[in-house]
1. Select from the range 588-636 the residues that are within 19 Å of PHE551 (Cα to Cα), open to solvent by 40 Å² or more (accessible area, probe 1.4 Å) and among the basic types (Lys, Arg) and list them in ascending order.
2. Does LEU559 satisfy the criteria of being in contact (Cβ under 8 Å) with a residue 40 or more places away in the chain and within 23 Å of PHE478 (Cβ to Cβ)?
3. Please identify the pairs in which a residue from the range 266-283 that is on the phi < 0 side of the Ramachandran plot has its Cβ atom under 6 Å from the Cβ atom of a residue that is of a type in the set (Asp, Glu), counting only partners at least 6 apart or on another chain.
4. LYS421 versus (1) basic (Lys, Arg); (2) touching a Pro at 6+ places or on another chain (Cβ under 9 Å); (3) not in a helix (DSSP H, G or I): which is the lone unmet condition?
5. Quick one: ASN253 ticks every box in (1) in contact (Cβ under 8 Å) with a residue 12 or more places away in the chain; (2) within 30 Å of LEU187 (Cα to Cα) bar one, so which box is it?
6. Which residue out of GLU234, GLU211, GLU202 is closer than 13 Å to GLU258 by Cα and in contact with a Lys or Arg (Cβ under 8 Å, 6 or more places away or on another chain)?
7. In the range 286-310, how many are within 17 Å of the chain's Cα centre (by Cα) and open to solvent by 30 Å² or more (accessible area, probe 1.4 Å)?
8. Tell me, please, whether a residue that is within 14 Å of ILE668 (Cα to Cα), open to solvent by less than 70 Å² (accessible area, probe 1.4 Å), of a type outside the set (S, T, N, Q) and assigned to a loop (DSSP other than H, G, I, E, B) can be found in the range 700-711.
Amino acid sequence: MSAQKKKAFQIEAFKHRVVVDPKYAEKTWKILEHAIHEIYNHNASGLSFEELYRNAYNMVLHKFGEKLYSGLVTTMTSHLKEISNSIGAAQGGLFLDELNRKWAEHNKALQMIRDILMYMDRTFIPNTHKTPVHELGLNLWRDVIIHSHAIQSRLQAILLENVRRERSGEVIDRGLMRSITKMLMDLGPSVYQDDFEKHFLEVSADFYRLESQEFIESCDCGEYLKKAERRLNEEIERVSHYLDTRSEVKITNVVETEMIESHMHRLVQMENSGLINMIVDEKYEDLGRMYCLFRRVSNGLVLIRDVMTSYIRDTGKQLLTDPERLKDPVDFVQHLLDLKDKYDKIITSAFRNDKTFQNALNSSFEYFINLNSRSPEFISLFVDDKLRKGLRGVTEEDVELVLDKVMMLFRYLQEKDVFEKYYKQHLAKRLLSGKSVSDDAERSLIVKLKTECGYQFTSKLEGMFTDMKTSQDTMQGFHASHGSDIGDGPMLSVQVLTTGSWPTQPITTCNLPAEILGICEKFRNYYLGTHTGRRLSWQTNMGTADLKATFGKGQKHELNVSTYQMCVLMLFNDADRLSYKEIEQVTEIPTSDLKRCLQSLACVKGKNVLRKEPMSKDIVDTDTFLFNDKYTSKFFKVKIGTVAAQRESEPENQETRQRVEEDRKPQIEAAIVRIMKARRVLDHNNIVAEVTKQLQSRFLPNPVVIKKRIESLIEREFLERDKGDRKLYRYLA
């Protein structure tokens, strides 16, 4: 038998047609329509949702989806028109309540209707690209109710009136406002924006424009800023309570534009209360408020920064042109530091440590400090004052704080080499006179200078400390080998200074007393005997001496004087009266030094061990000097300081400047050679730029001086000019 073939499994349609009742669609729709009416009339409890769902399902299944959908639209529209009339009839404050209540009922009804028509929502609507049931309900609510002529304008007016009332200080129902604005948002972003937000922003702009004008006319700057800040915070709070979160940026922008940006120039410049007055009176809270508000608007912080910078520069110029301030360099620098502290505090506490403000402050200080050519000298004098006496008894932390402040001013200096010149002179005097308050503080400052400017800047300063230590060892050796030779004669203590490390001093003539010359010669022989190939020259203008003096009635004192003063006083061992000319002739002390020396010995109350005839403050060539037998003091040890100017005189200043200029020439030439060696060929402008860049950490070279140094290098055949282009230079190996 042959195997039978298996037949494939097939599903075939019924052989007879299923006949649907012609009135089926109409009957079913009537049932569903009635259910929708009942839902809207709050009688849904008696409905069978399962049966209603089946009816809707069958209508869609039997291709009556279109009838079901259109019927739904018609029925819902009809009900919403009735609701619209009901809402429109509500009087006064009940309008929003009625709208909110009906909206809640509509949403509830819409949920039930969507459940019944779920099958249509899932199949028929996507296939026919119609609006889903829930969205349809929202659209109909929008078109029939919210956009109806009777409700639209009224709703908008009431919402805006509520906002106005709240701005005026009245209490409104924020919960109700939240419900209404949420309804508008649920109906679509465009509904909220077009029906409310757009008008809200326009009305707000008008409101704040008028209010800001009233405030600016009646308030000072600080008061105005408080009100602007309060209004801004109110609007942010309003958004959080009942507006769309996206409205915050828009409404705050309105407040910022109308209350801040429109008036910011007038606020900053406001007489007696603007930015400058706040800075002068240190109103940190008001300054902080101004910063926070102005940072919200375009160019707000730029305006504050520009006005502040201009004020600081003007204040700095006034300080530099005030002759009273410039009389005392220490007070002048202290005032600079106080100003810097004040502005730093403003930037830190009011301007949130804004780096752009800090940069502007640094730029301003650098600008006006360098307007005064004597700033390097004054800062060095300030350091000198602090390291002599100003830091005595101060904690290590406070010492570091003062030194850090000094370094901050030092960084502003363009002529750091001028500061170095003066600092070296002042340090030398402190070390040689033993007047430095702390070796640790001295070394700490040198370390800071080295960190800032490199080893080359401080190598000579460190050499000065080395010399002081070496001198101690030298004197121990001298006393060990010559102690017995000295006996009861004068005691000698010598500091041997390396010429290159210490400030260059002119070798001044001064005839030392015979008693002193003997021991000086012994030291010279000892030193040159232990060190070959060296030369010694006495710097009598830098020394000190202790003299034992006996006055009338046998009163004895020990006088601490300079070497020059010692030379003058020891003349009175052999004479009671000497003229100025006689003293000058015997001692050969330079005129300016001699006059200052005699002035301190005869004209300073309490230190006048000599008498001057005639009595006057100034020393002239015709004066005569006598030993003051009647001198008394309650102290056994009396220090007689030399009357010295705190700052250089103008000729001395010019001389220092000339020495600095001379020192700069080899530095500029070295920089030019380094650059040309690396680049080989370079034009004039680029050489000037490169040299300035290399040397600006020490000083700002003058382009005219750079040009002269280039000419000098060409003459000495380090460089040559290009034959084709006179502005081009070539390096000659």
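The values are calculated or read from the model by the stated rules, or taken from the named source; none is laboratory data. The structure displayed is predicted, hence computed values, not measured ones. Please note: Cβ atoms are built from the backbone with ideal geometry, for glycine as well, and neighbour counts cover all protein chains shown. Accessible surface is based on the protein model in full, side chains and every heavy atom, while ligands, DNA and RNA are left aside. Shrake-Rupley method; radii C 1.70, N 1.55, O 1.52, S 1.80 Å.
1. Of everything in the range 588-636, those that are within 19 Å of PHE551 (Cα to Cα), open to solvent by 40 Å² or more (accessible area, probe 1.4 Å) and among the basic types (Lys, Arg) turn out to be LYS605, LYS607, ARG611, LYS630, LYS634.
2. no
3. Listed pairs, sorted by first residue: SER273/ASP220; MET278/ASP286.
4. Going through the list (1) basic (Lys, Arg); (2) touching a Pro at 6+ places or on another chain (Cβ under 9 Å); (3) not in a helix (DSSP H, G or I), LYS421 breaks only (3).
5. (1)
6. On inspection, the qualifying residue turns out to be GLU211.
7. The qualifying residues number 7.
8. Yes: one or more hits.
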